[in-house]
1. Select from Val77, Val54, Val185 the residue whose mean-square fluctuation is largest in a Gaussian network model of the chain (Cα-Cα springs shorter than 10 Å).
2. Considering Cα pairs under 8 angstrom that are at least six residues apart, work out the relative contact order of the chain and quote it in whole percent.
3. How compact and how long is the range 103-218, expressed as Rg and Dmax of its alpha-carbon atoms in Å?
4. Rank these residues by their accessible area, most exposed first, probe 1.4 Å: Tyr205, Tyr218.
5. Would you compute, for the Cα atoms of the chain, the largest minus smallest coordinate along each principal axis and list the three values in descending order, in whole Å?
6. Ignoring ligands, DNA and RNA, what accessible area per residue does the chain give at 1.4 Å, in Å²?
7. Please compare each pair in Lys181/Lys207; Lys112/Lys181; Lys86/Lys112; Lys86/Lys247; Lys46/Lys248 to a cut-off of 21 Å on the Cα-Cα distance and tell me which ones are over it.
8. Aspartates and glutamates near Lys192 by alpha-carbon distance under 20 Å, same-chain residues fewer than 8 away left out - which ones?
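The values are calculated or read from the model by the stated rules, or taken from the named source; none is laboratory data. Being a predicted model, the structure only gives us computed values, none of them experimental. Cβ placement follows ideal geometry from the backbone for every residue including glycine, while neighbour counts extend to all protein chains displayed. Side chains are part of the model used for accessible areas, which takes the heavy atoms of the whole protein and leaves out ligands, DNA and RNA. Shrake-Rupley method; radii C 1.70, N 1.55, O 1.52, S 1.80 Å.
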Amino acid sequence: MSKKKDRSGWESPATEALRITSTGPIATFDASSTPGFTGDKALGEKLLLERGEVLADLQELLYANGRAGDHRSVLLVLQGMDTAGKGGIVRHVGGLVDPQGLAITGFGKPTKEELAHDFLWRVHRALPAGGRIGIFDRSHYEDVLPVRVHNLVPQAEWEKRYHIINEFERELVANGTTIIKCAMVVSKSEQKARLTERLERPDKYWKYNPGDIDERGYWDAYLEAYQAIFDRCDSDSAPWYLIPADKKWFARLAVCELLIDALQRLDLDWPAADFDVEVEKKRVAALDV
């Protein structure tokens, strides 16, 4: 008997279909696939709008609880090759919710001040407060990805960082932060197409970085570095998900689903009033109009 498909187009939850333990190695991962989802682009875009409303409602619950003193938060980590669509996730998925409840940080090349501290110093400063969703466009994993690929520090140093990162994430989870780690996977052919588009459209020039061509020469080394973080830094409490990024509509829908799942697991309800509701009703009723 064939498995009954969900009417929404998902035949298995995104949390299961995209988990690194289900997808297999990144080197053989199909960046144009839609794991767990049988629908087409039209359905995917329609669902994103519908599910975006669910996400917005859940985020409002999280924010309301944070205002009432709840320390819990959600951290979405986005990693990926150049042109993989991290910024698109920030705009199109983060844009579905109230910006008051978001804390967005992009991690580029460390500044002089940041280099004067340990590699997690700048990350600690960007963590979301209680009641907020934090989005990292690149993250602490930069210190075991380009740092490893380009030998920016001795191997003995970056090797230690996997353990340090695991301890850091365990502490975050213990303190009430739900972590979702997404590796955006783009194919070489799609990356070339996106780089070409940036050079053909003046409104895209600002997104083009000549250094991206140089980084492409380290493609296989990056795949090895990514696989290392999956092998050493994936856990049930801070899971890694592979997000196929050739189809932008699917990547955005998938991340939206992961966020919805994380927020639903918090089992939130509206915070109780910290005032006498009946008394306040009478005061409002007595107001002049």
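1. Per the Cα network of the chain with a 10 Å cutoff, Val54 tops the list.
2. Details: 399 pairs, mean separation 88.0, N = 289.
So the answer I get is 30 percent.
3. That works out to 16.6, 48 Å for Rg and Dmax.
4. My answer, sorted largest first, is Tyr205, Tyr218.
5. So the extents along the principal axes, rounded to whole Å, are 72, 54, 48.
6. For the chain, the per-residue accessible area is 53 Å².
7. Values: Lys181/Lys207 24 Å; Lys112/Lys181 27 Å; Lys86/Lys112 25 Å; Lys86/Lys247 13 Å; Lys46/Lys248 14 Å.
The pairs that break the limit, which is 21 Å between Cα atoms, are Lys181/Lys207; Lys112/Lys181; Lys86/Lys112.
8. Within reach: Asp30, Asp82, Glu200, Asp203, Asp212, Asp214, Glu215, Asp220, Asp246.
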